[in-house]
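Participant: Questions regarding the structure given below will be posed in turn.
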Amino acid sequence: MQEVNGRFEDNKLLITLSGRIDSNNSHQAEAEIKQLIQDKTAVPIVIDAENLEYISSAGLRILLHLKKTNPDLKIINVKTDVYDILEMTGFTEMMTVEKAYRVISVEGCEEIGRGANGTIYRIDDDNIVKTFHDANALEEIRHEREVARAALVLGIPTAISYDVVKVGDSYGSVFELLNARSFSKILSDEPDKLDWCVHEYVELLKKIHGTVVTDGQFPDQRDTAIKWAQFMQDYLPEETGRKLLKLVEDVPQDNHMIHGDYHTKNLQLQGDEVLLIDMDTLAIGHPIFELGSMYNAFIGFSELDHSVVQGFQGFDYETSTKFWHKVLAAYLGTKIEDRIREVEDKARIIGYTRLIRRSIRRDGLNDPERKKEIDHWTKELIELVAKTDTLLFAGNELEVDAKSENLPQVISFIEERMDEAGFTPKAITVVTLAAEEIFVNIASYAYEHGSGEGKAKIRVEITGDPVTAVITFIDQGVPFDPMAKEDPDVSLPAEERTVGGLGIFMTKKLVDDMSYEYKDGENILKLVKKLS
Amino acid sequence: MNYPKKIDLHIHTTVSDGTDTPGELLEKVREAGISLFSVTDHDAVKASTIIPDLLKEGDPEFVCGAEFSCKDEDGKYHILGYDYDPSSDTILGLVDLGHTYRMNKVKARLDFLRDRFGFWFSDEDLEKLLARDNPGKPHIANLMVKYGYTETKEIAILEYINQLHFHMEYVRPKEAIEGILGAGGIPVLAHPCYGSGDQLIIGQEMEERLKKLIGMGLQGVEAFYSGFTAKLQNEMLDLAKKYDLYVTAGSDYHGRNKMIELGDNNLDTVDDYPEEMKRFLDELKRRQKC
């Protein structure tokens with residue numbers, strides 16, 4: 001017996017075929033299909049063959065005739081036996097035929113991550129599956145696969161799914177992750193690895209934020225945040241709402257990558273390699289949007305109920321706040337509490353906006369416990385918005401074209417970072433004199449003929465006890481160790497040699513330490529200046 | 001030489017299980033812009049005697065045809081016959097033979113249904129049934145539904161009619177091929193990869209089958225067929241070349257309720273007709289001139 005059913009879904013006619021289709025019933029099946037289609041020949045047809053046990057050539061011919069009037073005909077969920085017939089007869093070459101998905105159960109599996117769109121379980125030692133909550137799972141799986149592949153090509157270490165499986169009513173994608181451990185698990189099991197985790201976590205975060213995405217498959221997080229802010233208009237005092245929207249809109253567009261759900265469950269240590277997973281939230285945008293979601297993961301969700309983070313990450317609220325604070329300090333390259341707090345406040349604006357919207361949309365206003373949370377977040381948000389004029393913050397890194405006209409920008413960047421750290425004007429002047437010498441050297445000599453076709457990166461890190469500023473200059477020009485010789489290049493005309501003024505030996509005397517290395521195609525020059 | 005662009009050499013009418021009368025069909029062939037066609041009803045040549053009288057000046061070229069169901073120890077076959085003499089004793093003998101076997105089969109089924117399940121039909125209905133050119137399982141099933149013996153045709157066939165397993169007399173492929181040849185016609189294997197319609201015969205099995213039929217006098221294969229994929233079509237074209245067979249093209253159009261369109265036979269997938277097809281068309285032309 002066969003059964004033919006049809007329904008419209010997303011402007012497609014979905015026809016389900018069940019049982020056997022052979023010469024005994026092919027006439028009836030054909031007539032029923034014809035009845036379903038009627039005059040709607042322009043509608044794309046998808047045949048769901050999940051329950052189709054067998055199809056004879058009489059049935060195959062129906063598919064072929066259907067394909068002729070509906071060139072986009074697609075057959076999905078095809079069982080292996082039926083797939084073999086379709087393959088043998090050349091049908092798989094003529095139309096889209098998708099095999100049925102392997103069915104797996106995640107019952108009793110360890111949950112290793114839970115995001116906005118899906119949950120990740122470990123199936124066995126070598127494999128994890130990410131299940132999607134949404135009805136649109138297959139589309140999301142496809143999206144994640146695409147963006148993850150793009151990220152991998154751009155140098156972000158991640159796992160790419162190798163299979164799609166059916167999990168309950170939805171679908172999941174399977175990844176190979178050999179004996180990997182999440183950072184959450186490492187932090188819970190081995191608290192002494194905290195600093196190591198912070199370091200690795202921040203290194204990868206910086207790598208992500210330093211990656212430029214040029215093709216259009218990554219959504220723009222700014223657009224998303226604007227939608228959040230628009231939603232909030234009805235739930236905030238008018239002035240706060242307006243200012244919040246303006247703050248978000250004033251964040252410039254940015255084509256650097258952000259992960260979107262960057263917390264410790266999504267970092268996996270496999271061997272000695274750190275892998276990023278859960279890539280479906282990958283986007284482009286200013287790092288403040290990333291910091292906002294990170295704040296939520298470590299603190300925002302648990303602000304009133306500290307047990308939330310324990311349940312989610314497996315470590316306690318105290319560890320979570322400590323980790324977040326250290327991460328932010330390392331990410332900003334500063335120990336200055338005021339500066340860390342300033343950026344944290346900006347992140348909280350994004351974080352609360354998202355939390356409040358999320359809770360309201362989940363009917364939180366009608367649940368006394370959650371209403372309390374919403375009120376708390378709203379109160380904080382109103383205060384933060386009132387005292388904030390921009391969501392932008394200076395990172396501890398500045399990248400400019402290696403041209404001498406950018407010198408003032410470089411100098412003021414260093415001045416600001418050192419000033420925040422409490423250095424005296426004299427100390428700052430000394431360092432900027434040295435920086436001028438180095439930057440002008442790069443601008444003049446690093447890239448061929450001094451054409452300024454390359455970039456120079458300047459990083460200011462404020463570390464340790466006693467407070468110390470480490471200023472690093474990085475360029476990808478010709479290998480050149482300015483400390484090897486007094487004069488950079490004696491073959492050059494005198495007027496070029498004098499650019500910059502002080503000379504490298506003088507520079508060296510002004511700072512506490514100076515070092516050079518050439519690594520991975522980069523000249524890396526470090527200046528160290530102690531506060532006292 | 002110019003060959004006709006749109007061809008359909010495999011069409012059914014109400015003479016067998018199609019839904020268009022020969023007259024209605026001719027009208028559709030005209031509308032479809034087909035310039036060469038044949039009507040190939042199952043085990044019947046009636047349409048080939050009706051259509052020539054309906055043809056007018058400027059109408060598409062017509063070749064008389066038929067499709068014979070045959071069976072032997074190795075399986076079932078549908079063998080097309082083209083351009084035979086419809087008044088020849090051999091072709092009429094073949095039609096009669098098929099008809100007799102079919103009538104015997106229908107009568108055996110009706111007896112079985114009456115004796116085993118007590119399904120009776122009025123004399124008038126039985127007469128109507130047996131007076132059809134090609135009565136078969138679906139027609140009996142229709143009657144059973146009409147009498148309320150079963151709810152659907154499908155149940156009637158699967159659960160009642162098919163309960164009768166009997167050794168039936170069949171026209172043998174050798175008889176069909178010889179009958180067609182005897183009437184001056186060209187025997188061609190219909191939809192080769194699908195056997196008599198619902199098998200799947202490919203690769204070595206197909207080649208063995210073809211060799212046997214060639215030994216009996218088969219001259220061509222229907223390599224262009226509406227229900228073939230590119231893969232099956234290419235397999236048949238290769239075999240036609242290898243065994244020096246004619247190639248023909250047909251849709252198997254049955255009218256309503258089937259999604260097959262008149263003139264659909266995938267001929268449009270090739271830029272130029274293969275030599276084996278051109279030779280067949282040349283042969284038809286040559287015969288016309290005689």
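All of the numbers you see were taken from the coordinates with simple rules; none came from a lab. Being a predicted model, the structure only gives us computed values, none of them experimental. Reconstructed Cβ throughout: ideal geometry from the backbone, glycine too, with neighbour counts over all protein chains shown.
Participant: What net charge is computed for the residues neighbouring A:Ala394, neighbours being all others with C-beta under 11 Å from the C-beta of A:Ala394, Lys and Arg scored +1, Asp and Glu -1?
Facilitator: Around A:Ala394, the charge tally is -2.
Participant: Continuing with the same structure: Could you tell me how far the Cα centroid of segment A:151-226 sits from the Cα centroid of segment B:238-290, in Å?
Facilitator: Each part reduced to its Cα centre gives a spacing of 59 Å.
Participant: Hey, another quick one. Please report Rg over Rh for segment B:201-284, where both radii come from the alpha carbon positions and Rh follows the Kirkwood definition.
Facilitator: Here the Rg-to-Rh quotient is 0.98.
Participant: For A:Ile75, which sequence-distant residues (separation of 5 or more, or a different chain) have an amide H within less than 5 Å of its own amide H, given hydrogens modelled in the peptide plane?
Facilitator: Residues meeting the amide H criterion: A:Ile47, A:Thr96, A:Val97, A:Glu98.
Participant: Excluding A:Val470 itself, calculate the net charge of residues whose Cβ lies under 13 Å from the Cβ of A:Val470, where each Lys or Arg counts +1 and each Asp or Glu counts -1.
Facilitator: Residues close to A:Val470 contribute a combined charge of +2.
Participant: Using the structure shown, select from A:Lys335/A:Lys457; A:Lys509/A:Lys529; A:Lys322/A:Lys529; B:Lys56/B:Lys258 the pairs with a Cα to Cα distance greater than 18 angstrom.
Facilitator: A:Lys335/A:Lys457; A:Lys322/A:Lys529; B:Lys56/B:Lys258
Participant: Out of every Cα pair in chain B, what percent are spaced more than 35 Å from each other?
Facilitator: 19
Participant: How far, in degrees from 0 to 90, does helix A:26-37 lean away from the longest principal axis of the Cα atoms of chain A, to the nearest 10?
Facilitator: That works out to roughly 50 degrees.
Participant: If you don't mind, another one. Could you estimate the translational diffusion coefficient of segment A:184-387 from the Stokes-Einstein equation, with Rh from the Kirkwood formula over C-alpha pairs, at 4 °C and 1.567 mPa s, in whole µm²/s?
Facilitator: 74
Participant: Gain in length, A:Tyr162 to A:Asn5, computed as 0.36 nm per residue apart minus the alpha-carbon separation, to one decimal in nm?
Facilitator: Extending this stretch completely gives an extra 53.3 nm.
Participant: Taking R0 as 51 Å, what's the FRET efficiency between A:Asp22 and B:Lys278 from their Cβ-Cβ distance, rounded to 0.05?
Facilitator: E between A:Asp22 and B:Lys278, to the nearest 0.05, is 0.90.
Participant: OK, next. For segment B:105-179, what are the per-bin percents of Cα-Cα distances with bins 10 Å wide, up to the bin holding the maximum?
Facilitator: 18, 49, 23, 10, 1
Participant: Which distance in nm do the two modelled labels at B:Glu24 and B:Thr100 give, with both placed 7 Å along the Cα-to-Cβ direction?
Facilitator: Here the answer is 3.4 nm between the modelled labels.
Participant: If you don't mind, another one. Among DSSP beta bridges whose residues both lie in segment B:38-136, state the antiparallel percentage, nearest 5.
Facilitator: 75
Participant: Taking chain B as a Gaussian network, where each spring joins two C-alpha atoms under 10 Å apart, which residue of B:His42, B:His78, B:His139 fluctuates the most?
Facilitator: Sorting by GNM fluctuation, first place goes to B:His139.
Participant: Nearest-5 percent of antiparallel DSSP beta bridges in segment A:184-387?
Facilitator: Of those bridges, close to 90 percent are antiparallel.
Participant: Going through the cross-link list A:Lys207/A:Lys246; A:Lys326/A:Lys526; A:Lys166/A:Lys207, which pairs have a Cα-Cα distance over 26 Å in this structure?
Facilitator: A:Lys207/A:Lys246; A:Lys166/A:Lys207, as the Cα separations exceed 26 Å there.
Participant: Where does chain B land at 222 nm, in deg cm²/dmol rounded to the nearest 500, when only DSSP H runs of n ≥ 4 count, each adding -39500 (n - 2.57), divided by all residues?
Facilitator: -12500 deg cm²/dmol
Participant: In addition: Determine how many Å³ per residue the convex hull of the Cα atoms of segment A:2-100 encloses.
Facilitator: 80
Participant: Evaluate Rg over Rh across the protein assembly as shown, taking Cα atoms for both radii and Kirkwood's formula for Rh.
Facilitator: That ratio is 1.19, to two decimals.
Participant: Could you give the radius of gyration (one decimal) and Dmax (whole number) of the Cα atoms in segment A:341-459, in Å?
Facilitator: Expressed in Å, the Cα Rg and Dmax of segment A:341-459 come to 22.1, 69.
Participant: When Lys and Arg each count +1 and Asp and Glu each count -1, what net charge do the other residues less than 11 Å away from A:Leu531, Cβ to Cβ, add up to?
Facilitator: Residues near A:Leu531 contribute +1 overall.
Participant: Sticking with this structure for a sec: What residues of segment A:308-324 lie in the reach of a label at A:Glu200, counting those whose backbone N is under 17 Å from a point 7 Å from the Cα along Cα→Cβ?
Facilitator: Answer for segment A:308-324: A:314-315, A:323-324.
Participant: Oh, and also: What are the aspartates and glutamates whose alpha-carbon lies under 13 Å from the alpha-carbon of B:Lys211, with same-chain residues fewer than 8 places away excluded?
Facilitator: List returned: B:Asp74, B:Asp244.
Participant: If you take the beta carbon distance between A:Lys508 and A:Ile336 as r and set R0 to 41 Å, what does 1/(1 + (r/R0)^6) give as a FRET efficiency, to the nearest 0.05?
Facilitator: Between A:Lys508 and A:Ile336 the formula returns 0.95.
Participant: Another one. Need one number: % antiparallel among DSSP beta bridges in chain A, to the nearest 5.
Facilitator: Taking every DSSP beta bridge within chain A, about 75 percent pair in antiparallel fashion.
Participant: In degrees, nearest 10, range 0 to 90: what is the angle between the Cα axis of helix A:137-153 and the longest Cα principal axis of chain A?
Facilitator: 40
Participant: At 27 angstrom or more along the helix axis (alpha-carbon based) and mean Kyte-Doolittle of -1.0 or higher, what helices does chain B contain? Whole DSSP H runs only.
Facilitator: Counting only whole DSSP H runs, the qualifying helices are B:89-112.
Participant: Which of the lysines could a cross-linker span from A:Lys371 if the Cα-Cα distance has to be under 21 Å and same-chain partners fewer than 8 positions apart are dropped?
Facilitator: A:Lys379
Participant: How would B:Phe68, A:Phe312, A:Phe323 line up from fewest to most surrounding beta-carbon atoms within 10 angstrom?
Facilitator: A:Phe312, A:Phe323, B:Phe68
Participant: Could I ask something else about it? With a point put 7 Å past each Cα toward its Cβ, work out how far B:Glu159 is from A:Ala42 in nm, to one decimal.
Facilitator: Here the modelled spin labels are 4.4 nm apart.
Participant: Still on this structure: Equivalent ellipsoid semi-axes for segment B:1-152, as square roots of 5 times the alpha carbon gyration tensor eigenvalues: give them largest first, rounded to whole Å.
Facilitator: Listed largest to smallest, the semi-axes of segment B:1-152 are 34, 18, 13 Å.
Participant: What is the calculated FRET efficiency for B:Leu55 to A:Thr69, with r their C-beta to C-beta distance and R₀ = 22 Å, to the nearest 0.05?
Facilitator: 0.15
Participant: I would also like to ask the following. Ignoring everything except DSSP H segments at least 4 long, calculate the 222 nm mean residue ellipticity for chain A; use -39,500 (n - 2.57) per segment, divide by total residues, nearest 500.
Facilitator: Mean residue ellipticity at 222 nm (helix-derived): -13000 deg cm²/dmol.
Participant: Now for a different question. May I have the convex hull volume per residue, in Å³, for the Cα set of segment A:51-204?
Facilitator: Output value, Cα hull per residue: 148 Å³.
Participant: What pairs from B:Lys76/B:Lys153; A:Lys426/A:Lys508; A:Lys74/B:Lys5; A:Lys34/B:Lys5; A:Lys12/A:Lys227; A:Lys508/A:Lys530 go past 20 Å between their alpha carbons?
Facilitator: With Cα atoms farther than 20 Å apart: B:Lys76/B:Lys153; A:Lys74/B:Lys5; A:Lys34/B:Lys5; A:Lys12/A:Lys227.
Participant: State to the nearest 20 debye the size of the charge dipole of the protein assembly as shown about its Cα centre, where the only charges are +1 on K and R beta carbons and -1 on D and E beta carbons.
Facilitator: For the protein assembly as shown, the charge dipole is close to 1000 debye.
Participant: How much length is gained on full extension from B:Met168 to B:Glu208, taking 0.36 nm per residue of separation minus their Cα-Cα distance?
Facilitator: Extra length available between B:Met168 and B:Glu208 comes to 11.9 nm.
Participant: Under 20 °C and 1.002 mPa s, how fast does segment A:104-176 diffuse according to Stokes-Einstein, given a Kirkwood radius computed over C-alpha pairs? Answer in µm²/s, whole number.
Facilitator: 173
Participant: Just report the Cα centroid separation between segment B:131-160 and segment B:78-122, whole Å.
Facilitator: Each part's Cα centre sits 16 Å from the other's.
Participant: Rounding to the nearest 10 and keeping the result within 0 to 90°, find how far the Cα-based axis of helix A:57-69 lies from the longest principal axis of chain A.
Facilitator: Between the helix axis and the principal axis of chain A, the angle is about 60 degrees.
Participant: Among A:Ser359, B:Ser87, what is the fewest-to-most ranking by other Cβ atoms within 10 Å?
Facilitator: Exposure proxy ranking, most exposed first: B:Ser87, A:Ser359.
Participant: Now, a different point. Test of understanding: extend the Cα→C-beta vector of A:Leu152 to 7 Å, then name every residue of segment A:158-180 with backbone N under 15 Å from that spot.
Facilitator: A:158-164, A:173-178
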